[in-house]
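Every read-out reported here was derived from the displayed coordinates using simple, explicitly stated rules and does not represent laboratory data. As the structure is a prediction and not an experimental result, all values here were calculated from the model. Backbone-built Cβ (ideal geometry, glycine too); neighbour counts: all protein chains shown.
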Amino acid sequence: MVDYKTDTEKIMPDWWKSSLGQHVLEQERFVLQSLVQHFHGDYQVQLGAKQAILPTVSGAKSQKVMASSADIAGDNEALPFKCYRLDTLLLVHVLEFSDDPHQVLREVERVLVADGTVILCCFNPWSWWGLRSLLSWQDVPPWNGHFFRKSRVNDWLSLLNFEIIATEKVLFRPPVYSEKWFVKLAPMERWGKRFWPIFSGVSIIVATKRTVPLTPLSHKWQTKRLFPTALANKPVTKEKING
């Protein structure tokens, strides 16, 4: 029996080097650069693809990549960082290929500082890419990954007290390996973003870790006073009522 996680870690780096994989990373890098305002703080780390797509951020002391043969070696489900140490985490298609995506997000919450930011690049099941995954007979990445609905990922983040602050849609062309046809289908990007954004191949979700619960606590009901405080503390006599 082939270990799913180990098999994915071996094959995904090769897929990212393919023309289609490179198109995905380039499209995501372009959009992430437009979201540079959300990449803040001194310490920023990318998980997933070895090829860095972190946008250039002035003032950041450290931008590292955690992947096989990259800057940092580690397990996405047991991140090698102390609690509350990172300012920004970029997850490049990590959830789709994790044995326990919930644990990955719990680890993200653990290592981020208060008001830290997580950015997730995720394949969308409601797209040409999701359909390709559904109909694929090849049990290889990326088509053997679990493509989660955006609403489901948002629910997981909300449970960990993350607030969604931005969402971008990327890749409206079908996943064709022919470089010639992929270029010819480029106009679909413009029309797709305008007319059918729900069917994008990739969703980029930006969320902020909140230290205060998003749901306000209800105050205890208090009985309203019928009289001003000065009068409420004085006995009411018959003379006062009749006078």
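With 0.36 nm allotted per residue and the present C-alpha distance subtracted, the Ala166-Gln22 stretch has 49.4 nm of extension available.
Sorting Glu26, Glu109 from the fewest to the most surrounding beta carbons within 10 angstrom yields Glu26, Glu109. Exposure proxy shown here: for Phe199, Phe30, Phe148, Phe172, the number of other Cβ atoms within 10 Å sets the order, fewest to most, as Phe30, Phe199, Phe148, Phe172. May I ask which residue of Ser136, Thr167, Ile119 lies farthest towards the positive end of the charge dipole of the range 99-167, with charges of +1 (Lys, Arg) and -1 (Asp, Glu) on Cβ and the Cα centre as origin? So the residue we want is Ser136. Note on the range 172-201 and the range 107-124: Cα centroid distance 28 Å, given to the nearest whole angstrom. Hey, with R₀ at 35 Å, roughly what FRET efficiency would Ala78 and Glu189 work out to, going by the Cβ-Cβ distance, to 0.05? After rounding to 0.05, the efficiency reads 0.40.
Please find the FRET efficiency linking Asp139 to Ser62, where r is the Cβ-Cβ separation and R0 is fixed at 51 Å, and quote it to the nearest 0.05.
Working: r = 37 Å, r/R0 = 0.73.
The value I calculate is 0.85.
For the peptides 176-182, 46-52, residues were scored by their other Cβ atoms within 10 Å and the scores averaged per peptide; the highest-first order is 46-52, 176-182.
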